């Protein structure tokens, strides 16, 4: 099992906090966000970890990581950024956004979940948006599941009465899943480069959720792994302040 962390973006909504460093280097309880992620991953016996960096790339210099550079981060988004580390997508791999805090239990459960393409979905997600005025609930990457837990729809602005949970920004691909994912990426890239793609204005600005929805639209199974909290997104200054309550004495609270 490998891990890939996508950390090339600017994190501009954090304003002065990310003026001189990337979002993943924000500190919580004496450790950077990235260090918390690395601890959660390594505590689950995953040592082959790659990181895609771009904005303020010179600031990220941790040992024992495989680095890939996305110098075009201002012109692309998470999906295309991921493919700078395409060479690592040749075996079972966990892929994570760099702006989420999560307990090691999330990684443990994901490792144990079957499926070639699996997305982590929080079914108890609404509470995170109480008082979260700088990142309203309308911006959540929501998910609609069928009775078997397979994804029917994923992305922002879904129908409220059908929402099953929120995508937290983490997926797992099996070796077979990597091939499916890569083949589909190049198929849609050839069709949509420079054009609107799912919910993105152009393919280059696509999110991971756009890719997952495209797979579903082609009748490719995308499974869910359900969790009940145990994670937090750090997208705004308000999130940063609230996240400090998530870790108490080194332990992750389910809030």
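The values are calculated or read from the model by the stated rules, or taken from the named source; none is laboratory data. Small disclaimer: the values here were computed from a predicted structure and weren't measured. Don't worry about glycine lacking a Cβ; one is built from the backbone with ideal geometry, like all the others, and counts go over all protein chains shown.
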Quick one: how many residues across the range 100-135 are in a loop (DSSP other than H, G, I, E, B) and at pLDDT 90 or above?
9
Would you check which residues across the range 33-52 are more than 17 Å from the chain's Cα centre (by Cα) and crowded, with 17+ Cβ neighbours inside 10 Å and list them?
44, 46
For residues in the range 1-36 being farther than 25 Å from residue 205 by Cα, in contact with a helix residue (DSSP H, G or I) (Cβ under 8 Å, 6 or more places away or on another chain) and outside any loop (DSSP other than H, G, I, E, B), which is modelled with the lowest pLDDT?
28
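Might you let me know whether the range 44-60 holds any residue that is part of a helix (DSSP H, G or I) and closer than 16 Å to residue 172 by Cα?
We begin by selecting, within the range 44-60, every residue part of a helix (DSSP H, G or I); these are 57-59.
Next, only the ones that are closer than 16 Å to residue 172 by Cα stay: none.
Scanning the range 44-60 turns up no residue that is part of a helix (DSSP H, G or I) and closer than 16 Å to residue 172 by Cα.
For the range 70-99, how many residues are without any contact (Cβ under 8 Å) to a residue 40 or more places away in the chain and either touching a strand residue (DSSP E or B) at 6+ places or on another chain (Cβ under 7 Å) or assigned to a loop (DSSP other than H, G, I, E, B) (or both)? Break it down into steps so the answer makes sense when it comes.
Step one: of the range 70-99, the residues without any contact (Cβ under 8 Å) to a residue 40 or more places away in the chain are 71-72, 87.
Filter again for either touching a strand residue (DSSP E or B) at 6+ places or on another chain (Cβ under 7 Å) or assigned to a loop (DSSP other than H, G, I, E, B) (or both), leaving 71-72.
Residues in the range 70-99 being without any contact (Cβ under 8 Å) to a residue 40 or more places away in the chain and either touching a strand residue (DSSP E or B) at 6+ places or on another chain (Cβ under 7 Å) or assigned to a loop (DSSP other than H, G, I, E, B) (or both): 2 in total.
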For residues that are out of contact with any helix residue (DSSP H, G or I) (no Cβ under 7 Å at 6 or more places or on another chain), buried (at least 19 other Cβ atoms within 10 Å of the Cβ) and modelled with pLDDT of 95 or more, scanning just the range 217-255, find the one that is nearest to residue 120 (Cα to Cα).
224
Identify the residue in the range 156-183 that is at pLDDT below 95 and farther than 21 Å from residue 102 by Cβ and, among all such residues, is surrounded by the fewest Cβ atoms within 10 Å (Cβ to Cβ).
161
Would you mind telling me which numbered condition in (1) more than 28 Å from residue 68 (Cα to Cα); (2) touching a residue at least 40 places away in the same chain (Cβ under 8 Å); (3) surrounded by fewer than 19 Cβ atoms within 10 Å (Cβ to Cβ) residue 144 fails?
(2)
